[in-house]
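K.L.:
Have a look at the structure that comes next, please.
No lab work stands behind these numbers, since they all come straight from the coordinates. From a predicted model like this one, the values you see are computed outputs, not experimental measurements. Because the Cβ atoms are built from the backbone with ideal geometry, glycine has one as well, and the counts that use them run over all protein chains shown.
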Amino acid sequence: MKTYNVAVAGATGAVGNEMVAILEERNFPVKNLKLLASSRSVGKTISFKGTDIKVEELKEDSFKGVDIGLFSPGGAVSMKFAPIAAASGCVVIDNTSAFRMEPDIPLVVPEVNEHAIAGYKNRGIISNPNCSTIQMVVVLKPLHDFAKIKRVVVSTYQAVSGTGKKAIYELEQQVLAIYNNKEIEKKVYPHQIAFNCLPHIDSFLENGYTKEEMKMVNETRKIMGDNSIKVSATAVRIPVIYGHSESINIETEKKITADEVRKLLQGKPGITVVDNPAKNEYPMPIYAAGKDDVFVGRIREDESIENGINMWVVSDNIRKGAALNTIQIAELLIEKGLI
Ligand code: L14
């Protein structure tokens, strides 16, 4: 079997750590694994298949001889280094928002638009979509194919791990401080996140929406390949560590019943339906964390409109929302003989 030289850029972050773990877990055909991060992390080691690999500094010449670059550093770092890596012949799969909306860069969720992957040849870069968008489109696609979605109204309940390890620490420290009657510290979020929720993810735009909300609007259309789909999003941060939840309302062209939705979704790759209200069974972040699938439940008809469905969708934002989707893209490149 052919093996590949793989580099993980941003290896010491929450997503980078998960990428290394998933490469091992899925037995990805790695010849050599290079772990790259900023100079601050040099000297750290990360274990891969029983060996401690040293973290090296991400530099311009880091990608010589590398076949696949899995990127999850900050957006500005990707902006600079992804084209450098691509120019040295490495295929970059980038997790940041830097290139997602560039028309000649594919934005891929394997369950939804695997055909788009061929466009990696344009610039040697493939973008991994935003975490909230990924779990939503995995569920929307089969419904769109069946009943054509006209409009989506979504509210998210997003875990702090999306912001990185520093935000997980901030939530934990605030909980401890509150229980110990101490002052809380706020470094990552503008307000207390413990026992609170913030209707604010990423920065605010002129139109009053946040960047995170507009990612859900624009990326959904690009991935689904249909600019007619209207999306209205509210993105909210909640004090959960792993797993984003979403309340999704869709309006379709064709009538679709709750039972039809369950049948369409059950058994589709990457989807698990958990929908048994009689037994209090529905998706929750504590069960989705550490799993690969997107979980869907609370499926019901929207009685306020002619053709509408409401549902509740939960997935691990660091896995399907980031690291896993990235590695699935790399697996697809191999499977299709593109690298
Ligand atoms: O990939 O949760 O666009 O703070 C940016 C903000 C991912 C999550 C992206 C967060 C994100 C994130």
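K.L.:
Is the shape of the chain best called rounded, prolate or oblate, per the rule: a/c under 1.5 gives rounded, else a/b larger than b/c gives prolate, else oblate, with a ≥ b ≥ c the square roots of the Cα gyration tensor eigenvalues?
P.N.:
Oblate shape, in that a/c is at least 1.5 and b/c is the bigger or equal ratio.
K.L.:
What's the magnitude of the charge dipole for segment 296-339 around its Cα centre, counting Lys and Arg as +1 and Asp and Glu as -1 at the beta-carbon? Answer in Debye, nearest 20.
P.N.:
280
K.L.:
Continuing with the same structure: Could you list log10 I(q)/I(0) for segment 215-339 at q = 0.10, 0.15 Å⁻¹, which the Debye formula gives when each Cα is one point scatterer?
P.N.:
Taking Cα atoms of segment 215-339 as identical point scatterers yields -0.37, -0.84.
K.L.:
Charges only on Cβ, +1 for Lys and Arg, -1 for Asp and Glu: so what's the dipole of the chain about the Cα centre, in debye to the nearest 20?
P.N.:
About 500 debye.
K.L.:
Using the Cα centre of segment 1-79 as the reference point, and only Cβ charges (+1 on K/R, -1 on D/E), how large is the resulting charge dipole? Debye, rounded to the nearest 20.
P.N.:
120
K.L.:
Can you show me the helix-derived [θ] at 222 nm for the chain, built from DSSP H runs with n ≥ 4 at -39,500 (n - 2.57) apiece and divided by the number of residues, rounded to the nearest 500.
P.N.:
-9000 deg cm²/dmol
K.L.:
Now a separate question. DSSP beta bridges in segment 248-339, what fraction antiparallel, as a percent rounded to 5?
P.N.:
Percent antiparallel among DSSP bridges in segment 248-339 is about 80.
K.L.:
Could you tell me the distance between the Cα centroids of segment 42-66 and segment 265-280, to the nearest Å?
P.N.:
So the two Cα centres are separated by 40 Å.
K.L.:
Just to check I understand the Karplus step: with θ = phi - 60° and J = 6.51 cos²θ - 1.76 cosθ + 1.60, what whole-Hz values come out for segment 313-325, glycine and proline as x?
P.N.:
Once rounded to whole Hz, the list reads 10, 10, 8, 6, 5, 7, 8, 4, x, 8, 4, 5, 4.
K.L.:
How are the C-alpha pair distances of segment 12-103 spread across 10 Å bins, as whole percents from the shortest bin up?
P.N.:
With a bin width of 10 Å, the distribution comes to 16, 51, 30, 3, 0.
K.L.:
Moving on. Counting only DSSP beta bridges with both residues in the chain, what percent are antiparallel, rounded to the nearest 5?
P.N.:
Taking every DSSP beta bridge with both residues in the chain, the antiparallel ones total about 50 percent.
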